[in-house]
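See below for the structure under consideration.
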Protein chains: 2
Amino acid sequence: MTAPRLLDVAAAAGVSRATASRVLAGTPRNVDPELARRVEEAAQRLGYRLNHSARALRTGTTGTIGVVVPSLANPYFVQLADALAQQVRAAGGQLVVSDAANDTAVEAEQIETLLGGRVDGLLVVPVSAGASGPAVRAAAERTPVVLFDRWATGSGTVAVTLDNTAAMRLLLDHLEGLGRHRIALVAADQASSSGAERLAAFTEARGADATTVLLPSFTTDAGRTAGRRIAERHTGIDAVVCGADVLAVGLVSTLQRSAVPVPGRIAVTGFDDTEMLELLDPPITSIRHPLTAMAERALTLLQAPARERTERVERFAPQLVVRSSTDADA
Amino acid sequence: MTAPRLLDVAAAAGVSRATASRVLAGTPRNVDPELARRVEEAAQRLGYRLNHSARALRTGTTGTIGVVVPSLANPYFVQLADALAQQVRAAGGQLVVSDAANDTAVEAEQIETLLGGRVDGLLVVPVSAGASGPAVRAAAERTPVVLFDRWATGSGTVAVTLDNTAAMRLLLDHLEGLGRHRIALVAADQASSSGAERLAAFTEARGADATTVLLPSFTTDAGRTAGRRIAERHTGIDAVVCGADVLAVGLVSTLQRSAVPVPGRIAVTGFDDTEMLELLDPPITSIRHPLTAMAERALTLLQAPARERTERVERFAPQLVVRSSTDADA
DNA sequence: ACTCCTTGGGAGATCGATCTCCCACACTGT
DNA sequence: ACAGTGTGGGAGATCGATCTCCCAAGGAGT
């Protein structure tokens, strides 16, 4: 009742382990078609399954890529992980997803866990632009690592991200084109590179005295807080750019409860274009990341020689997705 | 520059591989404290990392548990995976999460992938009560498998689920206690055991001619459809029980848009108690699963001898969480 | 007909950690 | 002082698949 090994298959087919391996692993070596057929048949009949640990030990590769995301509670990161999984699977691999619970200590632990020869490469969406650096650098010295969607200083490796500055410009141009000029930013999580870049791009474009509401984290609840604050204090505002979709969701629902019509009095935009946005009322204008292209690039870099992963940031072009939350003034 | 092996650590510490292994793997065998110290020190200094494949090959265990969930797009399953991850990590293991994209074919493929000696055991939240059975049974013949949150017929293994009938009773008693008697059910995904059980429990309690709105899938969008249908056709209704939180979210927003006050005219309940419910307006009454206890039980069963995993369903008691969506009539 | 290739296929080494012996030494009790 | 007991530690086998040789058979060329 013990699981059949390659040896058993070879014996059943009347060939050596080497030949059986050549057939089943698809090594580029010619094998007599008749023997190949016998091996295939024997494997099928015995219900043979490759022992993954043995192959990994011998070949030194696992066919598995790991990714550590800040939090799966944020649907954007679920979408991101999904895009990566698609690409990895298309390449015949497997993706293992870990959640860092928005905590650099947990993040370091997760990276450490994945490192023990379990993965061929690691993708990290760093929790913090500063504090995540050391753990990533340590990992990058032992395994190929590529940062994704966010960067971290001192990481020692390349980052594949969105061009947040261009994205902010797209949003502001869109709003200004609609005649909205008193624009506020609701930003969160300045510790992350994406949070910081979006804030910086906004203040650079609109001036340092433009209205900003800063929040600790990318959550729906934070969005509600922002909504309350804007409804009460910032009554002159006619548009709000949110630094993340989850913020926009909370914001819009709170504004509406406070009898502030969206987009009637205030136009609202999100950031990340998560799927839930289409289902809201009103659907929210947002920025779409070219996740497929980014995933493809990240995986290419992961498999490239180490010298192509020098510490730097590659930025991908964002795309504006217009929905009714920024309809022209009613 | 090649990674240090146990052999290198042993040599550096001046002991044999066996002793180094005893120290680093923590085998319950006495080792001279001085030698142990030298091994620890050498491992530290060389930056030694255990080769996971080698250990897995030798010991036949990987320390990894896999879980296949229907869809991570549903926040409930994210929460569920998180609860499992906590338990697994507490036991010193690692959890690998796979997404079946609500498709039994993908599900079978994911199970197959995880099976190749990569995991010590498998947890499955089956997509379908009927169609998921064969793939699960095939897996269960090769590795310990426990179903979680849903069951599947012909799976050949045990399922750890919620007592959906008791849950439905809790909801109905609560609503009736508030004087709401014209109750409709919005149900989805009858292919899943949870969807089917909730519908069955409702019709049994309320009679076969009670109003039900059946939808194909557990998504927010489906909830919106239901909302539209209820606002238009079922005007006599004073309460709606939704078979899942994501349905309730869509339903409530649509009802409100149609000028049907919640809970003013219609009380609404969800099912699964996902975190987002607290953040909505109004917060939605729901059923909480004892996920921690369920996760603990599932993992215990996974490690138990096969004979304890005979095909059956273990049901855990639900808990009613009351929020303002079922406030007393205004 | 004889050598030289080409090509299929097998024997054995190998990946790195753990486990199973078994030995050496020290200590106890009579 | 000697057998008996216990404890620390090492040599070698082992897990299962792959890789590196190397050999044998058959075909081509002169």
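Readers should treat all values here as calculations from the given coordinates under stated rules, not as data from a laboratory. What you see is a predicted model, and the numbers here were worked out from it, not measured in a lab. All Cβ positions, even for glycine, are placed from backbone atoms using ideal geometry, and neighbour counts span all protein chains on display.
Quick one: work out Rg over Rh on the C-alpha atoms of chain A, Rh as Kirkwood radius. Walk me through the numbers before you get to the answer.
Values: Rg = 25.0 Å, Rh = 22.1 Å.
A ratio of 1.13.
Select from the stretch A:199-300 those chymotrypsin sites (Phe, Trp or Tyr not before Pro) which occupy a DSSP coil region and have at most 16 other Cβ atoms within 10 Å, ordered by residue number.
Details: sites: A:F202, A:F218, A:F271; in loops: A:F218, A:F271.
Here no chymotrypsin sites (Phe, Trp or Tyr not before Pro) fit, given the DSSP loop and packing criteria.
What ³J(HN,Hα) values, in whole Hz, does the Karplus curve 6.51 cos²θ - 1.76 cosθ + 1.60 give for the stretch B:231-248 when θ = phi - 60°, with x put for Gly and Pro?
For the stretch B:231-248, the Karplus curve yields 4, 7, 9, 9, 6, x, 6, 10, 7, 10, 9, 9, x, 6, 4, 4, 5, 4 Hz.
Just to confirm my numbers, what's the Cα centroid distance between the stretch B:100-179 and the stretch A:126-182 in Å?
If we compute the Cα centre of each part, the gap is 38 Å.
In nm to one decimal, list the spacings between the B:R142 label point and its equivalents in the other copies, with label points set 7 Å along Cα to Cβ, shortest first.
Those label-point separations list as 3.0 nm.
Percent relative contact order of the stretch B:271-322, based on C-alpha pairs within less than 8 angstrom and at least six residues apart? Show your work: numbers first, answer last.
Numbers: 44 pairs, mean separation 23.4, N = 52.
Across the stretch B:271-322, relative contact order equals 45 percent.
Using θ = phi - 60° and the Karplus form 6.51 cos²θ - 1.76 cosθ + 1.60, what ³J(HN,Hα) does each residue of the stretch B:67-79 get, whole Hz, x for Gly and Pro?
Running phi through 6.51 cos²θ - 1.76 cosθ + 1.60 with θ = phi - 60° gives 9, 10, 10, x, 6, 7, 6, 8, x, 4, 6, 5, 5 Hz.
Quick check of the Kirkwood formula: for the protein assembly as shown, what is the inverse mean of 1/r over all pairs of different Cα atoms, in Å?
On the way: mean 1/r = 0.0368 Å⁻¹.
In the protein assembly as shown this quantity evaluates to 27.2 Å.
Please list, in chain and number order, the residues 5+ apart from A:D272 or on another chain whose amide H is under 5 Å from its amide H, with Hs placed from the backbone.
A:I287
List every residue whose amide H lies under 5 Å from the amide H of B:T212, counting only residues 5 or more places away in sequence or on a different chain, with H placed 1.01 Å from N in the peptide plane.
Placed amide hydrogens put B:L185 under 5 Å from B:T212.
If the elastic network links every pair of Cα atoms under 10 Å, which of A:L279, A:L185, A:L291 fluctuates the most in the Gaussian network model of chain A?
A:L279
So, in Å, what gap is there between the alpha-carbon centers of the stretch A:249-281 and the stretch B:236-277?
So the two Cα centres are separated by 19 Å.
Which whole-number percent of Cα pairs in the stretch B:161-316 have a distance greater than 25 Å?
Working: 3589 of 12090 pairs.
Percentage above 25 Å: 30.
Extent of the stretch A:108-252 along each principal axis, from alpha carbon coordinates, in Å, largest to smallest?
On the principal axes, the stretch A:108-252 reaches 56, 27, 21 Å in Cα extent.
Treating the Cα atoms of the stretch B:27-181 as identical point scatterers in vacuum, please give the log10 of the normalised Debye intensity I(q)/I(0) at q = 0.12, 0.13, 0.17 Å⁻¹, two decimals.
Evaluating at q = 0.12, 0.13, 0.17 Å⁻¹ gives log10 I(q)/I(0) of -0.66, -0.72, -0.99.
Just want to confirm a number: the relative contact order over chain B, from Cα pairs under 8 angstrom separated by 6+ residues, in percent.
Working: 630 pairs, mean separation 49.0, N = 330.
Taking the mean separation of contacting Cα pairs over the length of chain B, I get 15 percent.
Along Cα-to-Cβ, 7 Å out, sits the label point; list in nm, shortest first, how far the one on B:D103 is from those in the other copies.
3.6
Could you tell me what percent of the DSSP beta bridges with both partners in the protein assembly as shown are antiparallel, to the nearest 5?
Numbers: 6 of 72 bridges.
Percent antiparallel among DSSP bridges in the protein assembly as shown is about 10.
Going 7 Å from Cα along the Cα-Cβ axis for the label, what nanometre distances separate B:E232 from the same residue across the other copies?
4.2
Can you list the trypsin sites (Lys or Arg not before Pro) in the stretch A:160-251 that are in a DSSP coil and have 11 or fewer other beta carbons within 10 angstrom? Kindly include the intermediate steps, with their values, before the conclusion.
Details: sites: A:R169, A:R180, A:R182, A:R198, A:R206, A:R224, A:R228, A:R229, A:R233; in loops: A:R180, A:R182, A:R233.
Here the trypsin sites (Lys or Arg not before Pro) that fit, given the DSSP loop and packing criteria, are A:R233.
Test of understanding: what is the full-extension gain from A:L7 to A:V313, defined as 0.36 nm times their sequence separation minus their Cα-Cα distance?
Details: separation 306, 0.36 × 306 = 110.16 nm, distance 4.88 nm.
Taking 0.36 nm per residue and subtracting the Cα distance, the gain is 105.3 nm.
For chain B, set up a GNM with springs between Cα atoms under 10 Å and report which of B:S132, B:S258, B:S21 has the largest fluctuation.
Judging by the Gaussian network model, the answer is B:S21.
Given the options A:T285, A:T235, A:T274, which has the most mean-square fluctuation in a GNM of chain A, springs set between C-alpha atoms less than 10 angstrom apart?
With Cα springs under 10 Å in chain A, the top fluctuation among A:T285, A:T235, A:T274 is at A:T235.
Taking H placed 1.01 Å from N in the peptide plane, check which residues at least 5 places from A:A188 or on another chain put their amide H under 5 Å from its amide H.
Amide H neighbours of A:A188, under 5 Å, 5+ apart: A:L215, A:G243.
With a ≥ b ≥ c taken as the square roots of the eigenvalues of the C-alpha gyration tensor of the stretch B:95-161, please select rounded if a/c is under 1.5 and otherwise prolate if a/b is larger than b/c or oblate if it is not? All intermediate terms of the calculation are to be shown ahead of the outcome.
Numbers: a/c = 1.40, a/b = 1.16, b/c = 1.21.
Rounded shape, in that the Cα axes give a/c under 1.5.
³J(HN,Hα) across the stretch B:186-200 via Karplus (A = 6.51, B = -1.76, C = 1.60, θ = phi - 60°), whole Hz, x for Gly/Pro?
Here the 3J(HN,Hα) series is 10, 10, 9, 6, 5, 5, 7, 5, 5, x, 5, 5, 5, 4, 4 Hz.
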